[in-house]
Every structure is written in C-alpha cells, then in structure tokens.
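The structure appears below as structure tokens.
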Amino acid sequence: MFESLSDRLDSAFKNLKGEGRITDLNIAATVKEIRRALVDADVNYKIAKEFTDTVKDKALGEKVLTAISPSQLMVKIVKDELVHLMGDDAADFNAKGAPAVILIAGLQGSGKTTFSGKLANYLKKQKKLSPLLVAADVYRPAAMEQLRVLGEQIGVEVYLELENKNPVEIAQNAIRDARSKNKNVVIIDTAGRLAIDEAMMTEVANIKNAVNPQEILFVVDSMTGQDAVNTAKAFNDRLDFSGVVLTKLDGDTRGGAALSIKYTVNKPIKFISSGEKLDTLDVFYPERMAQRILGMGDITTLVEKA
Amino acid sequence: QKTKENFFSKVSKAIAGKSTVDEEVLDDLEEALVTADVGIETTVAIIDRIEQRVVRDKYLNTSELNSILQEEIKEMLVGEASYDFTSDIPHKPYVILVVGVNGVGKTTTIGKLAYNFKKAGKSVLLGAADTFRAAAVDQLTIWSDRTGVPIVKQAMGSDPAAVAFDTVQSAIARGTDVVLIDTAGRLHNKAHLMEELSKIKRSVQKVIPGAPHEVLLVLDGSTGQNALEQAKHFTAATDVTALAITKLDGTAKGGVVLAIANQFKIPVKFIGVGEKMEDLLIFDKHEFVDSIFSINK
Ligand SMILES: Nc1nc2c(ncn2[C@@H]2O[C@H](COP(=O)(O)OP(=O)(O)OP(=O)(O)O)[C@@H](O)[C@H]2O)c(=O)[nH]1
Ligand SMILES: Nc1nc2c(ncn2[C@@H]2O[C@H](COP(=O)(O)OP(=O)(O)OP(=O)(O)O)[C@@H](O)[C@H]2O)c(=O)[nH]1
Ligand SMILES: [Mg+2]
Ligand SMILES: [Mg+2]
C-alpha cells in the first residue's frame, strides 16, 4: 500500500525538527506532500489543491508545542479538516411514509442491487419496518432474478414484472401493490447507467418524477478514481439525490472519492457497504473515513495524549 | 472512437497553443495525467524524464514534447501485436480464465469474447464457475443464449473448481476451440478467496497441464489507484497474462492502466465500451497512442 500521510510528512519535515512555528517557508514541501497523499488516495486533483490551500491557511502561524512534532500537528489539522468536510456528524435517513419510497441509482456494477437487499434487511431487522423490494432494472441479464434471490435470502418480498420493459410503470405499480399489502417502505433498484447516457439519465429522472421518493441514494464504488466528481455531479444535476452510499469498503481502497463527492455535491454519505453478504451495512463515520484516506491508525489519540 | 479521443484529450489541450515547454505546460501536463488516474508516481516519472530532456537540450518545443510523450507512453504499454480473434489458437482447447474484483464486468466481457470468437469461426464453451453471487449462473446462461454458445454449469453454491474442471473436460470431449471460464468477483485483499482462485486454476491444470493459457484480469476503467493493488494480488494468485479495461464508454480515462502496464508488464488486450456483445474493442497501443494525440493536429 501507499505510504501513510504521517510517514510522508515525517520525511518532509525531517530537516525542520525543532522549529517552533509553521511558517510560509517550511510549509511548501509539506503542502505538496499532503496533496500527493490525497491524490494517491484518489481524491480529485483539483479538490486536493483547494483542500491543501485551506489547510495551509489554517496551519500558518500555528504554534508547535514541544510535545508533538510539526508533522503530527499538520496531520491533525489535515484530518480535522477532512472530518469537517465530510460531514461532522452522521446524517439521518428518512424511511417514514405510507409507504416511504427509496430510489437507488448509480453506475454499472457499483453495488446497487446488493445494497437494495442490505437496506431492506436493515429496515426490516433494525427498524421493524415491512419493506418491498422493486426490480426496476429491465436491462441487465438476470437483474430481476438477482434481486429475487436476495429478497428470498432475507425474507423480503420482491415486486417483479418479468414481461414489462417500462421501469416507470413497474415502479408505479409496485407502490400500488405496497399500499394494498400494507408495506411501509418501497426500495426501487434501478439499472446501472453512465452519466453521459442521456436516454438512461432521462429514464431515471422519469422514475423519480413518477414516484416522488423520500430518499434518493446515489451508490458509488469506493474504488472509483478521479472521475467520481463528474459522475456524482451529473447524477445530482438530474436527480438532486438525498444521500450517497459508498460500497466495497471491505477492500483496501483509501476511498478518496468519498471526499471528492461530498466536496462536489455537498450531499451526506448515509451508508457504507462492506461485504457481499446482506448484513454488511453500516452508517458512515467521517472520522474513520478521514483516517482511511490518510492511511493512518488512530492518530487522534496520539495527538491528544501529547 | 469515443474513448480513444477522450482518453488523454486533456494532455493535448495542455500543449495546444503553446510553443515551448515551460513550468506551466508541465503543471498542466501533471494535471492532465493525474486526472486520467495515471497516478502520482507514474506522472512524476514521466515529467521527470521530460524535465531532464529540457535541461539537456536547453530548448524543447511542444511538438517535441508531444513525440516524447508518445514514446514514453508506448514504452510503458507492453506488448506489440494486437489481438486477433481469427488467428490460429496455439492450444486446443484454448482456456481463458477470467478474474477480477466485484462488478468490474467479467461476465459481460465473457459474453463479448464468446461473440467475437464465434464470429471468427471458433467453437466456444462457457464455464459458469461463479456459483456464489445471486443469479450469476442465470446471467451467464443468458449470455450463452444470446451468443448461441454452450455452457457448462452446476447448482449455485457448488465448488467452482469442480465446475472449471468439468468445463475443460467437456471442451476436450466436444473438441471445442476456446473455453471461457467465469469466476465470482472477489476483493484482492481476501486471502481465502484468492486461494480459491488458485485452486480453480490448479483444477484446470489437472485436465490440461499448462492451462489456463490466458488469465484475463478485468479492471473497471473508472477505478483509481486501487487497480494497482488489484493487479498485484491477482497476479500473485494466478499469474495474470492480460488485461481488459471496461466501461471506457463513460468519461473515465482509465489512465491507471499505464501505471499497471509499466509496473507489472502485463499487456492490455481488450477494451469494453458498452453493455452489448458488440461493445468490445481490441487494444492496439500504436493506434491508441496515435489517436490520443491526433486531435491536437
Ligand atoms: N466485496 C464487496 N462486494 C460488493 C459490495 N457491494 C456489492 N458487491 C458485489 O459487487 C458486485 C456488483 O454488485 P451489484 O449489486 O450487482 O451491483 P449493481 O450496481 O446492481 O450492478 P448493475 O445492476 O449491473 O449496475 C457483486 O458481485 C456484488 O456481490 C460490497 O460492499 N463489498
Ligand atoms: N457501460 C458499460 N457497462 C459495462 C461494461 N462492461 C460491463 N458493464 C456493466 O457492468 C455491470 C457489471 O457487469 P458484470 O459483467 O456483471 O460484472 P462482473 O465482474 O461479472 O460482476 P460480479 O460477477 O458481480 O463480480 C453490468 O451492468 C454490465 O452491463 C462496459 O464496457 N461499459
Ligand atoms: Mg443491479
Ligand atoms: Mg460476474
């Protein structure tokens, strides 16, 4: 894996040990290292630049206590700023309604169908709700069957219309069905689509307009690189989504896309998905994500002790 | 083609309208490379070499920069000839094992390859060795129907190594030319899943020593620096011999393949540009690099 930010900063500050203050002179190399660390973690290049400018302003003139090194102080400033940008506290999730409608959207293969299953499982087990899963992906081979199998695994009913090729209709019919069966939350799984695919983006916007969802969740693979900003922006322009889901965090990605997306569209990250099994859903903690992006252990305790 | 045009269009923009290579050009170049997911290390290596040339030759104009860049990138992309579906297969059956992390496009790429091999007059057999993900076998079965190519499958949850074994044996019995084995998506940091992959490979070797003849690692073109880790761990488990980069019909530029090709010396063979069976391009580095820079002329 890549060098952690602390290691990088230690080397950047190697010659500066004992300096009592972070100054314009000694900060340049450090800022460059921070930027590189962020870009290596897949934070968008432009955002990493803006971010480090902010960090620089915050750091200039800060007194460095003798107990901690300048690099430790910088790491703390960087981390605090990351946590702040990614949303200081957890965002709430709105599953109230009769029924509440939740629309799931994102790029191909990002983990939408799996997440739909996980969310249904979570709402059923943790919130004691009665969900209906809706298979509105009429394109991907065996997409409906995939959702049906997942529903079966968690004991949640799945609404299917195998012959219908119109996802807007399927979604509308499903909500009617949910009402008649007293289901209080409807989760609509949609096909993966590229942000530049006009017809497909219009389709998902049409689903939104037809069903008026309480929550629209944009599902994104945490391994995504620099392009995450473009995709998030395009989906947000069309859907004005209410939250982000980060998937595949059981991998070893640094997940800098999380910061890029939050920075670009300013929507909260509501859930993280970290496994193929349906009980691997978690709420998002900015603190942990910041540490992950920076490739560090629990540096806060270290700094606070000092 | 669309992907080729936008792959490095920013690089070309960075140099367009400039006559000499100055700090600003290099900064723009850095930005163009990094935002294509080339990665800091590879970007810095490229820029360092250009800086050395500037120092040595004192003066470097942008068209020279252009050709140096083309050379550098071509050198990084290993492998000479591009793939040809019609050329004779070196072994019969020719076994291709398809591997990669979750959701990158393995199954779809298999469908596309089956279509292309069949079109080139080869007989093809699919092996459904993803017995784990919900409806994975159904998905591959639909591809088998679409392409009119037979499939060997077992019940969900059965041993993937046994399915691979069966598939290869069946291919021998049928006199099949090309075998395409689908595997479940797995994250490279999960040791037991990587071991399962090695086991699949060994079970193929029990039938045909020397097989699989190709281990194709599928990478999602929108993946960032994590793709390097993927290449590293999949190579360790299965000796990856070729790369396929998918989803390049989007706006992602797939620049991470430069770093991978350079570091691991694995050739890129295929590019995925859509969800249909026709949406597969054969990767040709000369054409690729030429087209990257051609919009600038
Ligand atoms: N390891 C891991 N795998 C995941 C996670 N979420 C989803 N997956 C896997 O990623 C692959 C793609 O997931 P899907 O849920 O089918 O993705 P999708 O967005 O519905 O895909 P399309 O409908 O084709 O666009 C599958 O192999 C899933 O098992 C996760 O958090 N961790
Ligand atoms: N736009 C686009 N979509 C693609 C491409 N290749 C695959 N996809 C889509 O990506 C999604 C995942 O593809 P799969 O072939 O199921 O991926 P996989 O690697 O087999 O997934 P798992 O088996 O779950 O790990 C599907 O929705 C495909 O249609 C491509 O080149 N372009
Ligand atoms: Mg899906
Ligand atoms: Mg698959």
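The values are calculated or read from the model by the stated rules, or taken from the named source; none is laboratory data. Note that the structure is predicted; figures quoted are calculated from it, not measured. Don't worry about glycine lacking a Cβ; one is built from the backbone with ideal geometry, like all the others, and counts go over all protein chains shown. Side chains included, ligands, DNA and RNA excluded: accessible areas come from the protein's heavy atoms. Shrake-Rupley method; radii C 1.70, N 1.55, O 1.52, S 1.80 Å.
Over the range B:197-265, consider all pairs of different Cα atoms and compute the Kirkwood hydrodynamic radius from their mean reciprocal separation; express it in Å, one decimal.
One over the average 1/r among Cα pairs gives 12.9 Å for the range B:197-265.
Roughly how many percent of the accessible protein surface of the protein assembly as shown is carbon and sulfur, given a 1.4 Å probe and a whole-percent answer?
49 percent
Using the C-alpha gyration tensor of chain A, what are the square roots of 5 times its eigenvalues, in whole angstrom, with the largest one first?
Its equivalent ellipsoid spans semi-axes of 43, 18, 15 Å.
In Å, what Rg and Dmax follow from the Cα atoms of the range B:61-219?
17.6, 63
Measure nothing but the geometry: give the 0 to 90° angle between the long axis through the Cα atoms of A:70-85 and the longest principal axis through the Cα atoms of chain A, rounded to 10°.
20 degrees
Give the Cα extents of the range A:150-219 along the principal axes, in whole Å, largest first.
Dimensions of the range A:150-219 along the principal axes of its Cα atoms: 36, 27, 24 Å.
By average Cβ neighbour count within 10 Å, what is the ranking of B:34-44, B:236-246 from highest down?
B:34-44, B:236-246
Can you order the peptides B:87-97, B:259-269 by their average number of other Cβ atoms within 10 Å per residue, highest first?
B:259-269, B:87-97
Roughly what percent of Cα-Cα pairs across the range B:118-207 reach past 18 Å?
Percent of Cα pairs beyond 18 Å in the range B:118-207: 43.
Determine one quarter of the surface area of the Cα convex hull of chain B, which equals its mean projected area, and express it in nm² to one decimal.
15.1 nm²
Can you divide the C-alpha Rg of the protein assembly as shown by 2.2 N^0.38 Å and report the result to two decimal places?
1.00
Mind checking the mean number of beta-carbon atoms from other chains within 10 Å of the Cβ atoms in B:214-223?
Averaged over the peptide's residues, the number is 3.
Treating the angle as unsigned and between 0 and 90°, give the value, to the nearest 10°, between the Cα long axis of helix B:226-238 and the longest Cα principal axis of chain B.
Helix B:226-238 sits at roughly 40 degrees to that axis.
Report P(r) for the range A:66-117: all Cα-Cα distances, bin width 10 Å, range 0 to the bin holding the largest distance, values in whole percent.
Cα pair-distance distribution for the range A:66-117, in percent: 18, 23, 28, 17, 12, 3.
Just add up the charged neighbours of B:ASP177: K/R +1, D/E -1, any other residue whose Cβ is under 11 Å from the Cβ of B:ASP177.
So the surrounding residues net to +3.
Based on alpha-carbon atoms only, what is the radius of gyration of the range A:164-306 relative to the globular estimate 2.2 N^0.38 Å?
1.22
With a Cα-only, solvent-free Debye model of the range A:103-229, what are the log10 I(q)/I(0) values at q = 0.14, 0.18, 0.19 Å⁻¹?
-0.57, -0.94, -1.05
Label 7 Å along Cα→Cβ of A:ASP240; the range A:84-127 residues with amide nitrogen under 20 Å?
Label zone hits: A:92-97, A:100-106.
Per residue and in Å³, how big is the convex hull formed by the alpha-carbon atoms of the range B:47-108?
181 Å³
In 10 Å bins starting at 0, how do the alpha-carbon pair distances of the range A:31-111 split up by percent?
Once binned at 10 Å, the Cα pair distances of the range A:31-111 give 14, 32, 26, 15, 10, 2.
On each of the three principal axes of the Cα atoms of the range B:21-75, give max minus min coordinate, whole Å, ordered largest first.
Here the spans come out as 30, 24, 17 Å, largest first.
How much FRET efficiency would the formula 1/(1 + (r/R0)^6) give for B:ASP22 and A:ASP24, where r is the Cβ-Cβ distance and R0 is 35 Å, rounded to 0.05?
In this case the efficiency is close to 0.90.
May I ask you to work out the translational diffusion coefficient for the range B:88-145 at 20 °C, viscosity 1.002 mPa s, via Stokes-Einstein with Rh from the Kirkwood sum over Cα pairs, reported in whole µm²/s?
174 µm²/s
If you fit an axis through the alpha-carbon atoms of helix A:228-239 and take the longest principal axis of the Cα set of chain A, what angle between them do you get, 0 to 90°, nearest 10?
It is inclined by approximately 40 degrees.
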